[in-house]
There are 2 protein chains.
Amino acid sequence: MKIDNPNPIQWQFSERAAQLQSSFIREILKITQRPDIISFAGGLPSPATFPVERMKAAYDKVLSEAGKVALQYGPTDGYAPLREWIANSLSTEGSTILPEQILMTSGSQQALDLLGKVLVDEGSRVLVETPSYLGALQAFSVYRPEFKSVDTDEHGLVPSSIDAVAKGARMLYSLPNFQNPTGRSLSLERRRELVETCARLAIPLIEDDPYGSLSYRGEPMPKMVAMNPDGVIYMGSFSKVLTPGIRLGYVCAPLPLVRRLELAKQAADLHTAQLTQMVVHEVVKDGFLDEHIPTIRKLYSDQCQCMLDAMKEHFPTSVSWTEPEGGMFIWVTLPQQIDAMKLLEQSLAAKVAFVPGAPFYANDPASNTLRLSFVTVPPERIREGIAILGKLIAGML
Amino acid sequence: MKIDNPNPIQWQFSERAAQLQSSFIREILKITQRPDIISFAGGLPSPATFPVERMKAAYDKVLSEAGKVALQYGPTDGYAPLREWIANSLSTEGSTILPEQILMTSGSQQALDLLGKVLVDEGSRVLVETPSYLGALQAFSVYRPEFKSVDTDEHGLVPSSIDAVAKGARMLYSLPNFQNPTGRSLSLERRRELVETCARLAIPLIEDDPYGSLSYRGEPMPKMVAMNPDGVIYMGSFSKVLTPGIRLGYVCAPLPLVRRLELAKQAADLHTAQLTQMVVHEVVKDGFLDEHIPTIRKLYSDQCQCMLDAMKEHFPTSVSWTEPEGGMFIWVTLPQQIDAMKLLEQSLAAKVAFVPGAPFYANDPASNTLRLSFVTVPPERIREGIAILGKLIAGML
C-alpha cells in the first residue's frame with residue numbers, strides 16, 4: 001500500500017507560524033495537574049460552580065423538542081434568540097444594543113483571533129495594558145502587530161498615557177473588570193476618561209469582560225460600551241458564569257466591524273455549535289444567572305479573603321499584592337531582586353505552583369511579579385500553599 | 001452615561017480582511033430556506049439521518065458520569081480517547097497513525113483555516129483542483145495565496161498536470177472522494193499517482209475526506225494518508241456521518257506540522273468543546289457508525305438515482321453531468337452558451353434553486369456549470385424540480 005521512498009517534506013511554515021508559542025500557562029498547567037500539587041497557577045473556574053444538572057436538563061429539552069434543528073448547520077452570526085437575549089442584557093436606558101451587533105464565537109478567545117485577523121496588518125500598532133491578558137497577546141501576535149504598552153498604576157490603566165503611543169493604533173485592548181492577571185478594576189472616572197480619550201483619538205476600544213459579573217461586593221460597574229457604542233467593542237463569555245468547556249462567547253461591535261468579523265468567522269469555522277447556543281439560551285433565558293452568579297461570587301470571595309489573610313500572615317513585608325474586589329486573580333509584586341521564575345523552580349519542588357508575571361507583559365517584563373488564582377483550591381490548602389511560598393520568598397531575601 | 005460628541009471611527013481593516021467575501025452558497029441558502037422553494041442548493045446533510053435519540057442518551061450519560069470534567073476547559077489537542085479512536089480507525093496494516101498526530105478541530109472548516117494560517121504566506125503558491133471546494137478557497141484566501149489550478153478530467157484530478165505548477169507550492173488541496181462540488185472520485189491508480197507525484201516534488205498533500213464513507217456501492221477506497229503518512233495531511237469530520245451542528249472535525253498530520261497546528265489552534269480558540277468530544281466518543285466507540293452509515297448511504301443513493309433518472313428524462317441531450325457513486329452532489333455542465341447565473345435567476349422565479357459552478361473555480365471559472373444536491377429533497381420534489389430546470393434549460397437553447 002505504501003509508496004516507495006517518498007522524499008521527506010522539508011516543512012516550510014508561514015512567517016506568522018514562527019510567532020506561535022505555547023502559552024506558558026498551559027505548559028505549567030500540564031505539570032500542575034497532579035493532585036499532590038497545590039496549584040495557584042490555573043485560570044480555570046471552579047467546577048464546583050458548574051450547574052451540571054441544569055445543563056443536563058437543558059440538553060435533554062432542546063434535543064427532545066428541536067433535535068433536528070439543533071444538530072443541523074446554523075447561521076454564522078449565531079442563534080437569534082440568544083443574540084437577542086445578549087443584546088437586551090447589554091442595553092441600558094441611554095444606549096440600545098441591537099441583536100445585529102452580536103456575533104457568537106467559539107469562546108471569547110475566538111473573538112480575539114477574529115479581531116486580530118480583521119484589524120491587524122503586519123506592523124500595525126496595538127495598544128495593551130501593562131501587564132495584559134496572555135491569551136490576547138498570543139491571539140494578536142499571530143498577525144504580527146507592534147505592541148505598545150499603555151501605563152498602569154495601582155488603579156489600573158492610566159488613560160493620560162495613551163496619547164504618547166496612540167499614533168496609528170488599530171485598537172486598544174483593555175480588561176476593565178478584575179483584570180487578568182492583576183485583579184484590578186478601573187474606577188468609573190477612569191472608564192469615562194478611557195472612553196473619552198479613545199473617542200477623541202478615534203481608536204477602537206476593546207472592552208474584554210469575562211469577569212465583570214463576579215464582583216464580590218456592590219453592583220457591577222457600568223460597561224464602557226454603553227458610554228460610546230460606536231467606538232467600543234465589547235467581548236463577553238459564558239465561561240466564568242456558567243461553564244468554560246462548552247466554548248461559548250460573543251463579541252458586540254459596531255455594525256461595519258461586526259459584519260467583517262462575521263465573514264472572518266465564516267471562513268474560520270462556519271459557525272459555533274447551534275446545540276450549544278440553544279442549550280445556553282434555554283438555561284439563561286428565565287433569569288437563572290441572577291440566582292447562580294451570587295453563589296460563584298460567594299465561593300470566590302471567601303477563598304480570595306482566605307488567601308489575602310494568609311499572605312498577610314506569611315509573606316515578608318517587602319512583598320505587595322493587589323486586593324481584588326471580584327474575579328479570580330491576585331497579583332503579587334516581589335522585591336526587585338527576586339525573579340519569580342527562580343521562585344517557581346523552588347516552589348514546584350515544594351509542590352506549590354503559580355504563574356510568573358513576565359509572560360503577561362508585551363514589552364519590558366517585570367520579572368519580580370506573579371499571578372495567584374484562589375478559585376479551585378480549598379481554604380486549608382490555600383493556607384498551606386501560601387505558608388510555603390512565604391517561607392521560600394523569605395529564604396530568597 | 002454616554003460621552004459627548006465622540007469622533008466617529010474610520011474603520012481601517014487589515015489587508016486580509018479585504019479578501020473576505022461571504023460564501024455565495026450561504027447567500028443563496030438565505031433565499032432558499034423558504035419551504036415553497038425546491039432547493040438543490042444546500043450542502044447540508046439530511047436531518048432525517050441525525051441520530052437524535054442516540055445523541056440525547058450520550059449527553060445524558062456523559063453529563064451524569066463526568067459532568068464536571070466535560071464542562072471544564074480541556075486540552076488543545078483534544079479528548080484523548082476520541083483521538084485514539086480516530087487514530088485506530090485511520091491505521092491500516094501497513095501504516096500506523098499515532099493519537100499524537102490527531103488534532104481535534106471545530107468542524108473541519110477550522111482545519112482549513114489552521115492549515116492556511118500555518119502554511120501560507122502572502123503570495124505562497126497553493127494548488128487546488130478545478131473546480132474545488134468553495135469553503136477551502138475561502139479559508140485559504142484569508143492568507144492571500146497565489147492559487148494555481150491543477151487540471152481535472154472526467155475522472156477527477158490529473159496528477160501529470162501537477163509538475164507544471166509545482167514550483168514553490170506550499171500544499172496541494174484535494175478531495176479524493178465524491179468531491180464537493182463535482183461528486184467525482186479518484187481511482188486507486190490516480191490516488192497512487194497523486195501521492196507519488198507529491199512525494200517526488202515534496203509537496204504536502206491535503207486529503208480532505210468528509211464524504212469518504214458515504215459510498216453507495218462497494219468498499220470505501222484506500223486513504224492516501226496510508227500510502228505516505230509523512231507527506232499526506234488527512235482531514236476528517238463527523239458532520240456528514242453523525243451531525244454537522246456540533247462542529248466536530250479533525251486533522252491528522254505528520255508530527256512537526258500537527259504541533260504547529262495545535263499552537264495555532266490554542267491562539268484561535270483554546271480548544272474544541274470537551275463535552276462535544278466526550279459525547280461523540282460515547283456515540284461512536286462501540287461501532288455505532290457501522291450500523292448508522294449504511295442508512296445514510298441508502299437514503300442518499302436512492303435520492304441520487306432519482307435525480308439522475310429525472311435528469312435523463314427532462315434535460316436536453318446537450319447537457320452532461322457526473323454520476324456519483326457516493327456523497328451528496330451532482331455536477332452539471334450546460335452547453336457552452338448558457339450562463340448558470342442567468343439560469344438561476346429564471347429558476348428562482350420558478351421556485352427551484354441550485355448553486356452556479358463559477359465560484360468553485362480558483363481561476364478561469366466555467367460559467368456553464370452548476371452543482372445540484374439531492375440529499376434534503378424528497379423524490380417527488382426532486383422530479384418536479386428537475387422537470388422545471390429541464391424546461392428552463394431547453395428554453396435557453
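The values are calculated or read from the model by the stated rules, or taken from the named source; none is laboratory data. The structure presented is a predicted model; accordingly, all values stated were derived computationally and were not measured. Every residue, glycine as well, gets a Cβ built from its backbone with ideal geometry; the counts of neighbours run over all protein chains shown.
Results, tabulated for the structure shown:
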{"read-out": "Residue check for B:Leu44: crowded, with 22+ Cβ neighbours inside 10 Å, within 8 Å of chain A (Cβ to nearest Cβ) and either in contact with a Phe, Trp or Tyr (Cβ under 9 Å, 6 or more places away or on another chain) or on the phi > 0 side of the Ramachandran plot (or both)", "value": "no"}
{"read-out": "From the options B:Gly218, B:Gly212, B:Gly168, B:Gly135, residue that is closer than 26 Å to B:His281 by Cα and small (Gly, Ala, Ser)", "value": "B:Gly212"}
{"read-out": "Residues satisfying the stated conditions in the range A:189-214, i.e. among the hydrophobic types (A, V, I, L, M, F, W, C) and either on the phi > 0 side of the Ramachandran plot or without any contact (Cβ under 8 Å) to a residue 60 or more places away in the chain (or both)", "value": "A:Leu194, A:Val195, A:Cys198, A:Ala199, A:Leu201, A:Ala202, A:Leu205"}
{"read-out": "Neighbours by Cβ (under 7 Å, 6+ apart or cross-chain): first from the range A:344-363, assigned by TED's automatic domain parsing to the domain that holds A:Asn180 and more than 18 Å from A:Gly395 (Cβ to Cβ); second surrounded by fewer than 16 Cβ atoms within 10 Å (Cβ to Cβ) and modelled with pLDDT under 95", "value": "none"}
{"read-out": "Residue check, A:Val258 part of a helix (DSSP H, G or I), of a type in the set (Val, Ile, Thr) and under 30 Å from B:Met278 (Cβ atoms)", "value": "no"}
{"read-out": "Where A:Leu370 falls short, out of the listed (1) under 24 Å from A:Asn180 (Cβ atoms); (2) in a helix (DSSP H, G or I)", "value": "(2)"}
{"read-out": "The range B:186-216, residues that are more than 9 Å from chain A (Cβ to nearest Cβ), surrounded by fewer than 23 Cβ atoms within 10 Å (Cβ to Cβ) and out of contact with any helix residue (DSSP H, G or I) (no Cβ under 8 Å at 6 or more places or on another chain)", "value": "B:Ser187, B:Leu188, B:Glu189"}
{"read-out": "Test: residue in the range A:233-254 that is part of a helix (DSSP H, G or I), crowded, with 22+ Cβ neighbours inside 10 Å and assigned by TED's automatic domain parsing to the domain that holds A:Pro131", "value": "no"}
{"read-out": "Residue under evaluation B:Asn228, criteria (1) in contact with a Phe, Trp or Tyr (Cβ under 9 Å, 6 or more places away or on another chain); (2) assigned to a loop (DSSP other than H, G, I, E, B), criterion not met", "value": "(1)"}
{"read-out": "Checklist (1) in contact with a helix residue (DSSP H, G or I) (Cβ under 7 Å, 6 or more places away or on another chain); (2) at pLDDT below 95 applied to B:Pro379, failing item", "value": "(2)"}
{"read-out": "Residue in the range A:47-75 that is nearest to the other protein chains (Cβ to nearest Cβ), counting only those that are over 19 Å from B:Met55 (Cβ atoms), at pLDDT 95 or above and assigned to a loop (DSSP other than H, G, I, E, B)", "value": "A:Phe50"}
{"read-out": "Filtered residues of the range B:311-333 (kept if part of a helix (DSSP H, G or I) and surrounded by 14 or more Cβ atoms within 10 Å (Cβ to Cβ))", "value": "B:Met311, B:His314"}
{"read-out": "Residues of the range B:143-166 satisfying the condition of being among the polar types (S, T, N, Q) and crowded, with 17+ Cβ neighbours inside 10 Å", "value": "B:Ser149, B:Thr152, B:Ser161"}
{"read-out": "Criterion: touching a His at 6+ places or on another chain (Cβ under 9 Å) and either surrounded by fewer than 18 Cβ atoms within 10 Å (Cβ to Cβ) or in contact (Cβ under 8 Å) with a residue 24 or more places away in the chain (or both) - qualifying residue of A:Ala340, A:Ala387", "value": "A:Ala387"}
{"read-out": "Count of residues meeting criterion [surrounded by fewer than 24 Cβ atoms within 10 Å (Cβ to Cβ) and more than 18 Å from the chain's Cα centre (by Cα)] in the range A:113-142", "value": "5"}
{"read-out": "Count of residues meeting criterion [within 10 Å of chain A (Cβ to nearest Cβ), among the basic types (Lys, Arg) and part of a loop (DSSP other than H, G, I, E, B)] in the range B:1-41", "value": "1"}
{"read-out": "Residue that is surrounded by the fewest Cβ atoms within 10 Å (Cβ to Cβ) [pool: residues in the range B:49-69 that are under 17 Å from B:Ile246 (Cβ atoms) and of a type in the set (Gly, Ala, Ser)]", "value": "B:Ala57"}
{"read-out": "Any helices (runs of 4 or more DSSP H) falling wholly within the range A:77-185 and containing at least 2 residues that are away from chain B (no Cβ under 14 Å) and either in contact with a helix residue (DSSP H, G or I) (Cβ under 8 Å, 6 or more places away or on another chain) or of a type in the set (A, V, I, L, M, F, W, C) (or both)", "value": "A:80-90"}
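Here is a yes/no grid of residues against (1) more than 7 Å from chain B (Cβ to nearest Cβ); (2) farther than 20 Å from A:Gly78 by Cα; (3) hydrophobic (A, V, I, L, M, F, W, C):
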position: A:Met221; (1), (2), (3): yes, yes, yes
position: A:Gly245; (1), (2), (3): no, no, no
position: A:Val251; (1), (2), (3): yes, no, yes
position: A:Ala267; (1), (2), (3): no, no, yes
position: A:Leu270; (1), (2), (3): no, no, yes
position: A:Gln277; (1), (2), (3): yes, no, no
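To keep it simple, each residue is scored yes or no on (1) out of contact with any strand residue (DSSP E or B) (no Cβ under 7 Å at 6 or more places or on another chain); (2) in a helix (DSSP H, G or I).
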site: A:Thr272; (1), (2): no, no
site: A:Met278; (1), (2): yes, yes
site: A:Glu282; (1), (2): yes, yes
site: A:Asp286; (1), (2): yes, no
site: A:Leu289; (1), (2): yes, yes
site: A:Lys298; (1), (2): yes, yes
site: A:Gln305; (1), (2): yes, yes
site: A:Asp309; (1), (2): yes, yes
